[in-house]
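This report concerns only the one structure given below.
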Amino acid sequence: MIQITLPDGSIRQAEDGATAMDVARDISEGLARNVLAAEVDGEVRDAQRPLGGDVSLKLLTWGDEGAQSTLWHSGAHLMAEALEVLYPGVKFWVGPSVEGGFYYDVDFGDHVFSDKDFPTVEKKMLELAKQKSEYVRKDIPKSEAIAYFQDKGDEYKLDLLENLEDGTITFYTQGGFTDLCRGPHIPHTGHIKAVKLLAVAGAYWKGDESQKQLTRIYGIAFPKKSQLAEHLELLEQARQRDHRKLGKELDLFTFSEKVGQGLPLWLPKGADLRMRLESFLKEAQRKMGYEPVITPHIGNKELYVCSGHYEKYGEDSFQPIKTPAEGEEYLLKPMNCPHHCEVFKSRPRSYRDLPVRFAEFGTVYRYEQSGELHGLTRVRGFTQDDAHIFCTVDQVKEEVGKVIDLVLYIFKTLDFQDFIAQVSLRDPENPGKYIGSDENWDKAEKAIAEVAVEKGLKTVTELGEAAFYGPKLDFMVRDAIGRKWQLGTVQIDYNLPERFELEYVGADNQKHRPVMIHRAPFGSMERFVAILIEHCAGKFPLWLTPEQARILPVSDKFNDYAKEVSKSLEKRDIRALVDDRSEKVGKKIREAELDKVPYMLIVGGDEAENGTVAVRRQGEGDVGGMTTAAFADRIDSEVREMLGGNEMIEQPN
């Protein structure tokens, strides 16, 4: 007999060889019908696999994230089975589950697959799903696996097999389809009741532009038709909120092929929005003792060799810039931190100076493949709200805590209420990815985990997600329609101070290494603005929006009065523009509504005579008439309420 510990702490007995599904049936047949996978000692596995001994067990149903990703992975295999039936001879690369569904990279040979093929594939997937074919796992020797895919003529799977060790290889079969796969999978195809193919795109084999371009098909699957309908409604909302669409409609940013792919151009309204965000953070940083620095957009190649960035990212960066001087090479700056190390090193430091906090809105450059570029969220040039704190070992936890306070202040002010902190640690299976000693890594990981607990953050731990130089605390935020984004990061680094030989003189009059803390609450201005646009659907907070009010004269003869109102509001630092076009006021109101201007001020004869404005609130309608001064007071009051309730507490050094 084996002992099984359930999430509530209760212990059940089961026969040797029992599966998670056996445990589910022992509890109730109704539960067993809904179990899609199992979490065994923290690992998501097939519910039908033997447990293999005493374990902690969580039975996963659709509401669990692990169950959803498992069903989506199984959906990818179901799609592959349908494609093999419909397009004999197709070959497959990889087909993982991803956030919001799954994809499979496919070689169709001569057939050009398009969205016109979607209905045919979806129909075949549902036909196959109704057969309730079991997903059968089989351990297989490497020689047999190679022979299978040689017979099939599938060079993609043979390539995958080259890097797999004998004894670790498994096949999964459902119906007439067999694939090289680690799993996990749902019990049978009958759990899939609704499917939808979402998009088709090109994807280079292995992500290498020199390799063949495969066809990547994105899809999603659900155990109920109603869940698919809800998801499609969510996707429609996402399309309406797409920052690329709204950015164009609101005149915030644009791109130019002549300037270059992935290099955004900020238009006046977008630049105004961005500068207000920067000013907001700069003021908060000033109160917390940060000092501004400015560093160049390029750096000597040796700077990034020293930091380790060239070794890790050199192939994926813009290539070195050669100068007329023999052997001299520069790089477009991929990171700000090496420059800040040199700023710290520019003069002797004492323990009395620490912590030192350098902040910079520094623009960096990374080469992204053209197929991976996406609006403002994936670009080749972006500005980080970067800061680096140099402190003693004893100051680490306090400084990380202050960074967390700053991130929480930003989230509260911008109405990001749903978030979780991801503690990103080393991958114990791949130590070669990281630089630095195990001792320093152990200290850094311990400190960042402890301060997250002390701050009362809801956390999740992810192995393998650390930066190459240290562990991270990443803030994962859900926006207004439930999508998850990574916003804000804080990282502890014992390694760059070693590489740059940074020192301070301690109280013992001896030289010591400082600890370096990397932090970026926004992450990058480009990505943060994109997420903010989609989160608030372009209706920015009143304190942040580039245009707080639009003044709408009912006819040309009231344009002069409208301009007087504008000047009065300008003196109160209220951003208001006059729409003096010879258009009907109804059209002006509609356009202001579409432009998401918070307030519309209609002015005509009565208003000009009485020195008032007729106020409309975007999305709400008439507010009533009032003097210009009263309207200005209203704006000031609203802005104070938004920002005043979230005062950043001054924190001295």
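The values are calculated or read from the model by the stated rules, or taken from the named source; none is laboratory data. Just so you know, these numbers come straight off a predicted model, no measurement behind them. Cβ sites come from the backbone with ideal geometry, for glycine too, and all protein chains shown count toward neighbours. Accessible surface areas use protein heavy atoms only, side chains included; no ligands, DNA or RNA. Shrake-Rupley method; radii C 1.70, N 1.55, O 1.52, S 1.80 Å.
Figures for the structure shown
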read-out: Subset of the range 156-175 that is among the hydrophobic types (A, V, I, L, M, F, W, C) and in a helix (DSSP H, G or I) - its residue that is farthest from the chain's Cα centre (by Cα); value: LEU158
read-out: Only listed residue being on the phi > 0 side of the Ramachandran plot and in contact (Cβ under 8 Å) with a residue 24 or more places away in the chain, chosen from GLY95, GLY9, GLY53; value: GLY53
read-out: Condition broken by ALA129, with the remaining ones in (1) at pLDDT 95 or above; (2) open to solvent by 20 Å² or more (accessible area, probe 1.4 Å) satisfied; value: (2)
read-out: Qualifying residue in the range 310-330 (condition: open to solvent by less than 10 Å² (accessible area, probe 1.4 Å), part of a strand (DSSP E or B) and in contact with a helix residue (DSSP H, G or I) (Cβ under 9 Å, 6 or more places away or on another chain)); value: no
read-out: Qualifying residue in the range 341-355 (condition: buried (at least 18 other Cβ atoms within 10 Å of the Cβ), of a type in the set (Gly, Ala, Ser), touching a strand residue (DSSP E or B) at 6+ places or on another chain (Cβ under 6 Å) and more than 21 Å from ALA530 (Cα to Cα)); value: no
read-out: Condition met for PHE382 (open to solvent by less than 50 Å² (accessible area, probe 1.4 Å), of a type in the set (Phe, Trp, Tyr) and either within 19 Å of the chain's Cα centre (by Cα) or farther than 29 Å from SER317 by Cα (or both)); value: yes
read-out: Of residues in the range 176-198 being part of a loop (DSSP other than H, G, I, E, B) and either surrounded by fewer than 20 Cβ atoms within 10 Å (Cβ to Cβ) or free of Cβ contacts under 8 Å to residues at least 40 places away in the same chain (or both), the one farthest from the chain's Cα centre (by Cα); value: GLY176
read-out: Identity of the residue in the range 102-116, touching a residue at least 24 places away in the same chain (Cβ under 8 Å) and farther than 18 Å from GLY183 by Cβ, that ends up surrounded by the fewest Cβ atoms within 10 Å (Cβ to Cβ); value: SER114
read-out: Breaking point among (1) open to solvent by 50 Å² or more (accessible area, probe 1.4 Å); (2) over 23 Å from ASN495 (Cβ atoms), for PHE361; value: (1)
read-out: The range 307-318 residues that are within 14 Å of ILE435 (Cβ to Cβ), paired with ones that are hydrophobic (A, V, I, L, M, F, W, C) (beta carbon under 6 Å, 6 or more apart); value: GLY308/ILE435; HIS309/MET335; LYS312/PHE468
read-out: Any hit, the range 21-44, residues being among the small types (Gly, Ala, Ser), under 20 Å from THR178 (Cβ atoms) and modelled with pLDDT of 95 or more; value: no
read-out: Unique match (being open to solvent by 60 Å² or more (accessible area, probe 1.4 Å), at pLDDT below 95 and farther than 30 Å from LYS245 by Cβ) among GLU641, GLU564, GLU570, GLU620; value: GLU641
read-out: PRO223 being more than 25 Å from THR413 (Cα to Cα), at pLDDT 95 or above and crowded, with 18+ Cβ neighbours inside 10 Å; value: yes
read-out: Any helices (runs of 4 or more DSSP H) falling wholly within the range 514-628 and containing at least 2 residues that are within 23 Å of LYS248 (Cβ to Cβ); value: 525-535, 585-594
read-out: Residue match in the range 139-149 (condition: assigned to a strand (DSSP E or B), under 28 Å from THR19 (Cα atoms) and free of Cβ contacts under 8 Å to residues at least 40 places away in the same chain); value: yes
read-out: Candidates ALA447, ALA452 - the one that is touching a residue at least 40 places away in the same chain (Cβ under 8 Å), of a type outside the set (D, E, K, R) and more than 30 Å from ARG274 (Cα to Cα); value: ALA447
read-out: Some residue of the range 158-172 being at positive phi and open to solvent by 20 Å² or more (accessible area, probe 1.4 Å); value: yes
read-out: GLY488 vs. criteria assigned to a strand (DSSP E or B) and either open to solvent by less than 30 Å² (accessible area, probe 1.4 Å) or among the charged types (D, E, K, R) (or both); value: yes
read-out: Residue ranges of strands (runs of 3 or more DSSP E) in the range 18-112 with at least 2 members of a type in the set (Ser, Thr, Tyr); value: 101-107
read-out: Failed item, numbered, when ALA444 is tested on (1) farther than 19 Å from VAL515 by Cα; (2) in a helix (DSSP H, G or I); value: (1)
read-out: Some residue of the range 448-464 being out of contact with any helix residue (DSSP H, G or I) (no Cβ under 7 Å at 6 or more places or on another chain), open to solvent by 60 Å² or more (accessible area, probe 1.4 Å), assigned to a strand (DSSP E or B) and farther than 30 Å from ASP242 by Cβ; value: yes
read-out: Every residue from the range 13-71 that is open to solvent by 60 Å² or more (accessible area, probe 1.4 Å) and of a type in the set (Lys, Arg); value: ARG25, ARG33, ARG49, LYS58
read-out: Per-region count, the range 199-220, residues open to solvent by 60 Å² or more (accessible area, probe 1.4 Å), modelled with pLDDT under 95 and in a strand (DSSP E or B); value: 2
read-out: Matching residues in the range 257-270 - criterion: being open to solvent by 30 Å² or more (accessible area, probe 1.4 Å) and either of a type in the set (D, E, K, R) or not in a strand (DSSP E or B) (or both); value: GLU257, LYS258, VAL259, GLN261, LEU263, LEU267, PRO268, LYS269
